[in-house]
1. Cut-off is 10 Å between beta-carbons; in what order do 88, 83, 223 appear when sorted fewest neighbours first?
2. Modelling each spin label as a point 7 Å along the Cα-to-Cβ direction, I'd like the residue 123/residue 194 distance in nm, to one decimal.
3. So how do 80, 125 line up by other beta-carbon neighbours within 10 Å, fewest first?
4. Would you mind ranking 128, 76 so that the residue whose beta carbon has the fewest other beta carbons within 10 Å leads the list?
5. I need the shape label for segment 82-151. Rule: rounded when a/c is under 1.5, else prolate if a/b > b/c, else oblate, with a, b, c from the alpha carbon gyration tensor.
6. May I ask for the distance between the Cα centers of segment 28-88 and segment 163-218, given as a whole number of Å?
7. If each of residue 75 and residue 144 carries a label point 7 Å out from its Cα toward its Cβ, how far apart are those two points in nm?
8. With labels modelled as points extended 7 Å from the Cα through the Cβ direction, what inter-label distance (nm, one decimal) is found for residue 186 paired with residue 260?
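FYI, it's all coordinate maths here, none of it is from the lab. Just so you know, these numbers come straight off a predicted model, no measurement behind them. FYI the Cβ positions are ideal-geometry reconstructions off the backbone, even for glycines, and counts take in every protein chain you see.
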C-alpha cells in the first residue's frame, strides 16, 4: 500500500512539474514581443492565403479589357492589372505560392542539412568532403545559383523548391555541424563510444536532439530567404511561369505601368515585405528564447542604453 501511495505521489509531482513547465513556456512565449508580433502577422497572411481566394469576387485569370488598370474600388479591392485581372485574387494566390515554396524549402533543406551536418561532424573524413561541397555552393550568391539551377531544370513551382533546397541546404548543414561538434566532444559521448554504442544510435539519439534549437532558428531565416528568392526569380522570369500569379511576376508586370498603376506595385510589395518581416521577427524571437546568452546580452544592452539616455 505504501509503495502504491508513494508511486502515486511521484506521478502527481511529475504531472505538476510538466504543468509548470508548460505554463512557464507559454509565459515566455507571450512575453517575447518579437514572437507575438511575428506570429500574429504570419497568421494573418496564412488566413489571407487560405480565405482570400474564397471571398474574392473575380478569378486570377479572368480578364476584362474594359477594366484594365482600374484603381482600388468596391468591385476590385486592390485594383486591376494591365490585362484587367483582379489584383486582390492574384496577391492571395501569390501568398499561397510564396508561403508554400518558403515552407517547403525550409523543411526540405532542414532535413538534408541536418543529415549532412550530423554525419560531417561525426566522421572526420566525410567532413572534409561534405564541407568543401558546401563551401563551393555557399561561395556563389544564392540568387545566381538559383537562376543557374532554374535554367537547367525549367521554370515551375516544383523546380523552384528543388533549386532553392539545393541552394540553402549548406547553410543548415553548417549550423548543425557547428553545434554537433561541440556535443561530440562531451564526456558522455566518449563514454558511449567506449561502451560500444553504434554510431547511428549516438548520432540520432544523443547528438541530433542537441542541434534542434539552432536548426529551428536557422530554418526560420531560410523560410524568409526562400520567399525573397522565389519572388526575385519570378520577377526575372525564371520562377513561377505566367499566367500563374506570384508576388514576383505581379511586381514584374507592375514595373511597366508604375506611374499609371501604383497599386500593382504597392500591394504585392507590401505583402512581400510584411511576410518576410514577420518570419524574421519570429526567428529573432526564437533565437532569444532558445539561446539564453543572446537574450541576456540584449537585455544588458537595453539597460545600458536606458542608463545612458537617463
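1. Values: 88 23, 83 15, 223 27.
Fewest-to-most ranking of 88, 83, 223: 83, 88, 223.
2. So the label points at residue 123 and residue 194 sit 2.6 nm apart.
3. Result, fewest neighbours first: 125, 80.
4. So the residues, fewest neighbours to most, are 128, 76.
5. Because a/c hits 1.5 or more and a/b fails to exceed b/c, segment 82-151 counts as oblate.
6. 41 Å
7. Result: 4.8 nm between the two label points.
8. In this crude spin-label approximation the distance works out to 6.5 nm.
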